[in-house]
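Read the structure below first, then the notes.
The values are calculated or read from the model by the stated rules, or taken from the named source; none is laboratory data. This structure is a prediction, so every number in the text was calculated from the model and none was measured. Glycine gets a Cβ as well: all are built from the backbone with ideal geometry, and neighbour counts include every protein chain shown. Side chains are part of the model used for accessible areas, which takes the heavy atoms of the whole protein and leaves out ligands, DNA and RNA. Shrake-Rupley method; radii C 1.70, N 1.55, O 1.52, S 1.80 Å.
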Amino acid sequence: PINHGSETIKRRSLINDRAICPNAAFPAAEIQEHVPDSEHLRTFRISVNLLGDGFVEAVPDQAFVDLAKDQCNKSHHKICGQVLYVPVVEAPGQTAVGKFGWKNQQASLLSFAGDAYLNEMGITSRLQPDEVTNICNTVPEPNDKPGSDGLSDIDHFARFVRATKAPPRDVQLAGTPKAKQGAELFAKIGCAECHVETMTTASSGTKINGGSLTISDAIANKQFHPYGDFLLHDVGTGDGIVQSMTEHYGKKMYSITWKNLSSKEFDSSANKIRTAPLWGVRMRSRLMHDGASLTFSDAIRRHRGEAAHVTEQFERLKSGEKDALFEFLRSL
C-alpha cells in the first residue's frame, strides 16, 4: 500500500528503500512503499556484480543445460542446479536461460537493464513502458527515449556492461604455495561442483537472446573464470520468494505466448538462489545473497541443502587447511 492506502501495488516482490515523493510539487502525496504485516516472506538482497557479465551472456544456453545435467549425474543427484527459461523482453515470445539476478530472472543484459531502470530507479523504457504507480508522475512514457545515435540509455548501459572486463585475480597472492594448496582443497571438498572455474563463450556469429544479439569476434571463443555455474540451487538460504513476472517482464507479458516458459518451474525456484560467482569476491565485504555473512567461514557454514556434504568436508579440514582455503578465496 502507498499514499496512505489509496493505492496498492500488486504483483511486486521488491520494496524500495527510498522515494522522492512527497516533494514541492506534490506535498500531500506519498509513494514510499511499506511492507504490510500480512506479508511474512522478507529478505534483504545485496547488489549483484556486473563486471564481466558480457562473457556470461555469451555462453550458449546448451552449456548451462549440459552443466546442470553433468553436475547432477556426477553427484548422484545430491547437487542438481536448475536451469530456468525466462522471457527475453526485447524478443517477445522468445525465452533463454536465465543467468542474471539472484533468482536468474533475466537472460539478457538488455532485459536486465530495462528491469533495473524501472524497478530500482523508476525510469520507464521501451522494454518496461509502464510506471509502477502514476502518483507524483508528471513526465511522459517512456522516460528513456532514443538519442541522436538511435540508442536509448538502456542500450548504452547494456553495451557498457558487455564491454567490462572480468574482475582480475590477485596474481601475486594466487601464486603463493598457500593459495595453491587452498585451490586444491577447494576442488577436493566439492566447492568447485557449483563454483565452476572455467566457462567458454560461443563462437562468432552465434545468435543469442532469442535471436536479438549476435556474438561478435571480440567476445567469441573466450575462456573466462567466474567460479560459478549461474544455476539455481537450494543451499538452505532460500527465502521462499517466487519472482513476479509482471514486475520483471512488464504488465503486458501475459498477453504474449512465450516459448518454453513454465510457471511450475518458476514456482519450484522459491527456495533456490543463483550460485554466487566468486570472481572478485575479495573486494566484497558482505557475502551471500542477503549480505548477512561477513566472513568466508560464516558463508561456507551457511551452505546446507544440496551443499550439506561439502560443508561437512570443510568442517573436517585442519585449521591450517582452512587458512589455505581462505587464502585462495582472498586471491579471487
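Give, in nm to one decimal, the length gained when the segment between A270 and V139 is fully stretched (0.36 nm per residue of separation minus the Cα-Cα distance).
Result: 43.6 nm gained on full extension.
Suppose every Lys and Arg Cβ carries +1 and every Asp and Glu Cβ carries -1, with no other charges. What dipole size does the chain come out with about its Cα centre, to the nearest 20 debye?
It works out to roughly 800 debye.
Given the options D130, D234, D66, state which has the largest fluctuation in a GNM of the chain using a 10 Å cut-off (strictly under) for Cα springs.
Highest fluctuation among the options: D66.
Looking only at L287, L317, L14, which one moves most when the chain is put into a Gaussian network model with springs between Cα atoms under 10 Å?
Maximum fluctuation in the GNM of the chain, among the listed residues, is at L317.
How high is the FRET efficiency from S263 to A25, r the C-beta distance, R0 41 Å, rounded to 0.05?
0.50
Cysteines without a disulfide-compatible partner in the chain, using Cβ under 4.7 Å as the rule?
C191, C194 - these cysteines have no disulfide-compatible partner (Cβ-Cβ under 4.7 Å) in the chain.
Could you give the nm distance between label points at E197 and Q223, where each point is 7 Å from its Cα heading toward the beta carbon?
For E197 paired with Q223, the spin-label model returns 0.9 nm.
Explain nothing, just the number: dipole magnitude of region 151-243 about its Cα centre with +1 on each Lys and Arg Cβ and -1 on each Asp and Glu Cβ, in debye rounded to the nearest 20.
Charge dipole, region 151-243, about its Cα centre: 380 debye, nearest 20.
About the Cα centre of region 3-97, what is the dipole size in debye to 20, counting +1 per Lys and Arg Cβ and -1 per Asp and Glu Cβ, all else neutral?
Computed charge dipole of region 3-97: roughly 300 debye.
How high is the relative contact order of region 3-331, in percent, with contacts defined as C-alpha pairs under 8 Å that are six or more residues apart?
Computed over region 3-331, the figure is 23 percent.
Length gain on complete extension for the stretch H76 to K188, per 0.36 nm per residue less the alpha carbon to alpha carbon distance?
So the chain would gain 38.7 nm between H76 and K188.
What spacing in nm lies between the two simple spin-label points modelled at E39 and R159, each 7 Å away from Cα in the Cβ direction?
Each label point lies 7 Å from its Cα, and together they span 3.6 nm.
Probe of 1.4 angstrom, ligands and nucleic acids ignored: what's the accessible area per residue over region 3-331, in square angstrom?
51 Å²
Just report the Cα centroid separation between region 242-289 and region 99-133, whole Å.
Using only Cα atoms to place each centre, the spacing works out to 12 Å.
Mind ranking 110-116, 183-189, 251-257, 275-281 by how tightly packed they are, going by the mean number of other C-beta atoms within 10 angstrom, highest first?
Peptide ranking by packing, descending: 110-116, 275-281, 183-189, 251-257.
Just need the relative contact order of region 189-332 here, percent rounded to a whole number, with Cα pairs under 8 Å and 6+ apart.
Relative contact order, region 189-332: 25 percent.
Using mean projected area of the Cα convex hull in nm² as the read-out, say which of (1) 19.0; (2) 25.4; (3) 32.6 was calculated from these coordinates.
Of the listed options (1) 19.0; (2) 25.4; (3) 32.6, (1) comes from this structure.
Rounded, prolate or oblate, given the Cα gyration tensor of region 46-173, with a/c below 1.5 counting as rounded?
The shape class here is prolate.
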